[in-house]
Amino acid sequence: MTQPATQKRGRRIAMTKEELDAFLAEERTCRVATVSPSGPHVTPLWFVWDGDFLWIYSLTKSQRWTDAVRDPRVAVAVDAGIEYMELRGVEIVGEVEVVGEAPRKGADVPELTQPESLFAKKYFGIEDMPHDGRHGWLRLRPATIRSWDFRKL
């Protein structure tokens, strides 16, 4: 995998790789921005991070899915904190690709073993991913990752 572009500005408050991995493992909601024919479209979603890719579990009959299949360029933001000096977050920009069947019904797809296990544990507290026949997987390959942690100031 090609390494994402490094962060130039804000290095002092940037998260280390370990901090970024821990943050993305802990946080539960991301905001996904796609490009629709009428302009930007932003929606909140659940996700998992495997250390290399951000995996987005999306309804296949949604504007977001339609946008991503038509134009795979997306931006995702994950953030936390309430007070200014607590703010921290990650922005990932890149392209998504559909992995596995869409919608997902549970066919054996080795590439989905790890993300589905992470997702099932994170959101449902179980080992095996339930499939509802309405969602599919988008894998975001980061071109750029930017992070900030104001607690470092």
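All of the numbers you see were taken from the coordinates with simple rules; none came from a lab. Since this is a predicted model, take the numbers as computed values, not measurements. So basically every Cβ, Gly included, is an ideal-geometry build from the backbone, and we count neighbours across all protein chains shown.
Free of any GluC sites (Glu not before Pro) that DSSP assigns to a loop and that have at most 13 other C-beta atoms within 10 Å, the longest stretch within the chain is 1-82. Per-residue ellipticity at 222 nm computed for the chain from its helices equals -4500 deg cm²/dmol, with DSSP H segments shorter than 4 residues left out and the rest contributing -39,500 (n - 2.57). Straight-line cross-link partners of Lys152 among the aspartates and glutamates, defined as a Cα under 16 Å from its Cα and at least 8 positions apart when in the same chain: Glu18, Glu19, Asp79, Glu83, Glu86. Listing Arg31, Arg104 from fewest to most neighbouring C-beta atoms within 10 Å gives Arg31, Arg104. A cut-off of 5 Å between modelled amide H atoms, ignoring neighbours fewer than 5 places along the same chain, links Arg134 with Arg104. Ranked by how many other Cβ atoms sit within 10 Å of their own Cβ, fewest first, the residues Asp132, Asp67, Asp79 fall in the order Asp132, Asp79, Asp67. Beyond 26 Å in Cα-Cα separation lie the following of the pairs Lys17/Lys121; Lys17/Lys61; Lys61/Lys105: Lys17/Lys61. Set Lys and Arg Cβ to +1 and Asp and Glu Cβ to -1, take the dipole of the chain about its Cα centre, and tell me which of Trp46, Thr113, Pro130 lies farthest positive. Final value for the positive-end residue is Trp46.
Computed from the C-beta positions of His131 and Arg151, the FRET efficiency with R₀ = 35 Å rounds to 0.35. For Ala75, the residues whose modelled amide H falls within less than 5 Å of its own, excluding neighbours fewer than 5 places apart on the same chain, are Ala33.
Legend: ranking of residues Leu140, Leu87, Leu153 from fewest to most surrounding C-beta atoms inside 10 Å; resulting order Leu153, Leu87, Leu140. Here the chain is assigned +1 on the Cβ of each Lys and Arg and -1 on the Cβ of each Asp and Glu. Its dipole about the Cα centre then comes out at about 580 debye.
Helix 17-26 and the long axis of the chain differ in direction by around 50°, with both axes built from C-alpha atoms.
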